[in-house]
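**Student:** This is the structure I have questions about; it appears just below.
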């Protein structure tokens, strides 16, 4: 039996093939009466629209571009896995790129303009300026199909996935305090990142609420790399009085810090307790197993892809939705409980 065509549906409904196409692919552009006539014809003829034809009409590539500024990062690779799994379940392919400095906007615009991708997920939202987003919005007549991983509520003009970094810093501080520590330090996240301020502020709030001192000399310059964690540990080792616990910018910095401490004849957690951030895949198998703030990276990636698909498929979403993902503490072996005499 011959498969019904869009022309068959048009004749059955008494409309043009163009009207059938609009009714199926852009129903808001036709009247309710016309939509009903077309749908009745579709149901009567058992018409099934070709996915290839549908994508052509919608100018879809069924492809998504992921922009990461460090494709070799363990953290970003775990995020990418969540994105890819969700994309595959909807028959989308995913490519990842690491643009040169200052080239992100041109890369995104080129891919969107040539219809090589249907949308973009940016894994470092703070790297894209407000001017970048304003230009994209102007060129694409509305919010472009972009989702970003934000680091601070309201600092991006596109839909974003974020965690509450200030609260995460507070949770880290509360844990160290509850473990009996009163002299607590912190290795800062990189300069010019919202998480630097937010996580440090969360820790300061926890210390202040507990009536404990916030000592500037216990806040060390650092970043998200092992080598920078080692540098922070060297500053720690130079202090006459040292903190008994340090909350690190991320797990890699924590591992570098621990490595330097051991090289100088001290141990973790007996001489210094270390708390990381991210819960990367190697954190549990590190020695000592790293206590850390867990970010559900697979879920973050999946939710980012979900949000982008909602925009691409024009499902009901807010103009600039924000999806906040909770974090939680994973206690392991790198934080020691201090028991004080009554």
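The values are calculated or read from the model by the stated rules, or taken from the named source; none is laboratory data. Worth saying up front: this structure is predicted, and the values here are computed from it rather than measured. Methodologically, a virtual Cβ is constructed for each residue, glycine included, from the backbone with ideal geometry; neighbour enumeration extends over all protein chains shown.
Every residue, every condition in (1) over 24 Å from the mean Cα position of the chain (by Cα); (2) in a loop (DSSP other than H, G, I, E, B), yes or no:
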| position | (1), (2) |
| --- | --- |
| 259 | yes, no |
| 268 | yes, yes |
| 274 | yes, no |
| 281 | no, yes |
| 293 | no, no |
| 302 | no, no |
| 308 | no, no |
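**Student:** (1) at pLDDT 85 or above; (2) buried (at least 21 other Cβ atoms within 10 Å of the Cβ): which one isn't true of residue 150, the others all being true?
**Tutor:** Here residue 150 meets the rest and fails (1).
**Student:** Same structure, new question: Restricting to the stretch 278-288, give me the number of residues that are in contact with a helix residue (DSSP H, G or I) (Cβ under 7 Å, 6 or more places away or on another chain) and within 16 Å of residue 233 (Cβ to Cβ).
**Tutor:** Within the stretch 278-288, residues that are in contact with a helix residue (DSSP H, G or I) (Cβ under 7 Å, 6 or more places away or on another chain) and within 16 Å of residue 233 (Cβ to Cβ) number 1.
**Student:** In the stretch 109-132, is there at least one residue being modelled with pLDDT of 75 or more and assigned to a helix (DSSP H, G or I)?
**Tutor:** Scanning the stretch 109-132 turns up no residue that is modelled with pLDDT of 75 or more and assigned to a helix (DSSP H, G or I).
**Student:** I would also like to ask the following. Within the bounds of the stretch 311-328, is there any residue that is part of a loop (DSSP other than H, G, I, E, B) and modelled with pLDDT of 95 or more?
**Tutor:** Within the stretch 311-328, none of the residues are part of a loop (DSSP other than H, G, I, E, B) and modelled with pLDDT of 95 or more.
**Student:** If you take the residues of the stretch 144-198 that are out of contact with any helix residue (DSSP H, G or I) (no Cβ under 9 Å at 6 or more places or on another chain) and outside the structural domain of residue 219 (by TED's automatic domain parsing), which of them is farthest from residue 301 (Cα to Cα)?
**Tutor:** Only one residue fits best here, namely 154.
**Student:** Additional query: With respect to residue 342, determine if the residue is surrounded by fewer than 16 Cβ atoms within 10 Å (Cβ to Cβ), closer than 30 Å to residue 239 by Cα, at pLDDT 95 or above and not assigned by TED's automatic domain parsing to the domain that holds residue 218.
**Tutor:** no
**Student:** Further question on the same structure: Take the conditions surrounded by fewer than 22 Cβ atoms within 10 Å (Cβ to Cβ), in contact with a helix residue (DSSP H, G or I) (Cβ under 9 Å, 6 or more places away or on another chain), without any contact (Cβ under 8 Å) to a residue 24 or more places away in the chain and in the same structural domain as residue 260 (by TED's automatic domain parsing) and apply them to residue 214. Does it pass? Even if it seems obvious, please write down each step before you answer.
**Tutor:** Working: surrounded by fewer than 22 Cβ atoms within 10 Å (Cβ to Cβ): yes; in contact with a helix residue (DSSP H, G or I) (Cβ under 9 Å, 6 or more places away or on another chain): yes; without any contact (Cβ under 8 Å) to a residue 24 or more places away in the chain: yes; in the same structural domain as residue 260 (by TED's automatic domain parsing): yes.
So residue 214 fits the description; yes.
**Student:** Continuing with this model, one more query. What strands (runs of 3 or more DSSP E) completely inside the stretch 157-256 contain at least 1 residues that are touching a strand residue (DSSP E or B) at 6+ places or on another chain (Cβ under 6 Å), farther than 30 Å from residue 66 by Cα and at pLDDT 95 or above? Walk me through how you get there before you give the answer.
**Tutor:** Details: elements: 160-162, 184-187, 245-247.
The qualifying strands (runs of 3 or more DSSP E) are 184-187, 245-247.
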